Amino acid sequence: MRIRALTIRIIKQFFHDKRTLGMMLVAPLLILTIISLVFNGEEVVPAIGYDQLPAPVEEMVKDVEVDSEELSEEEAEERLDKGELDAWLTMEGQELRIVLEGSDPGMNQRVLATVKNGMQSETQQSIALEIEYFFGAEDMTSFDNFGPVLIGFFAFFFVFLIAGVSFLRERTGGTLERLMASPVKKSEVVIGYLLGFGFFTIIQSVLIVFYSIYVLDLLMIGDFIWVLVVTLLCAFTALSLGTLLSAYAQNELQMIQFIPIVVVPQVFFSGLFDLEAISNWVSWIGPITPLYYAADALRDVMIRGLGFEEIAMNLLILLGFSVVFSVANILALRKYRSF
């Protein structure tokens, strides 16, 4: 009887806690659906431009499974710079010059394999290759490609979790209620907490960036300061979002329950997976997530060597996320103050 009573009590508790029940039953299905749509999207076809190729080589480019287009060198450089082209081919003397976009080692190997196989089947002769990299380098590894995304992800994830749980403890411990009972403004409370947590956020961001670049030897072509700025903005966005969501959690378990809904989906749209292959059903999620812009800016700086002008929009959007979440946090504190 006692075991039966205990079992019934636990079941009733779960039914009363709708959020926990939803996390157990709905969240796994949601994540599995997103994974299915990510990996069952369209196959990515290399985009290759060409100019002044011998007839057999030009026919090879048109016949292989690539999206080919005739472009001048100036047009190709512009498209490569925007990431709209994977490679550009031209003939110089007896050599086939291949300019690879270079930021994705996997795509680089795929383009080279496609071109080499196509030449062997079409021209039936060996042609010397001159390979150049518009971005990146020949010895670039997969870690160099994914590293910038991981910097943004870990900065976001740990700050989100720690800030949310810490702010929740302030509330459940009664500290926040005592502050709200004083004449202190809600905006002052939010800004004070953000600056307090932000001090350690800055330390964490500096450590992550420094360790990744100078200890793990992650590829770094651009300016260190912009990597740090992007990482800091990403972390502050996570900080403001974590403190905001903690207002809707009753305990630490409920705070952790936000991870599958808020953090995990961002991983799929941050660049760890080819965004061009993601199904249109879910591709719209990427542009509404902070990590999408942080990862894009970090790759632009670290792999492509771009500067402020090219990443300014991403920085502005990350700053906008932080401001919106902070304002929402101020509004969320209304329920803790009756005057």
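The values are calculated or read from the model by the stated rules, or taken from the named source; none is laboratory data. These numbers come from a predicted model, not from an experiment. Positions of Cβ are backbone-derived with ideal geometry, glycine not excepted, and every protein chain shown enters the neighbour counts. The area values use the complete protein model at the heavy-atom level, side chains included, leaving out ligands, DNA and RNA. Shrake-Rupley method; radii C 1.70, N 1.55, O 1.52, S 1.80 Å.
Observations on the model:
- As a fraction of the 1.4 Å probe accessible area of segment 199-315, surface on carbon and sulfur atoms comes out at 69 percent.
- The alpha-carbon atoms of segment 188-335 define a convex hull whose volume equals 132 cubic angstrom per residue.
- Accessible surface calculations at 1.4 Å, restricted to protein heavy atoms, place segment 189-237 at 50 Å² per residue.
- Taking label points 7 Å from Cα along the Cα-to-Cβ direction, GLU252 and THR33 give a separation of 3.2 nm.
- Percent of Cα-Cα distances greater than 20 Å, calculated over segment 153-222: 45 percent
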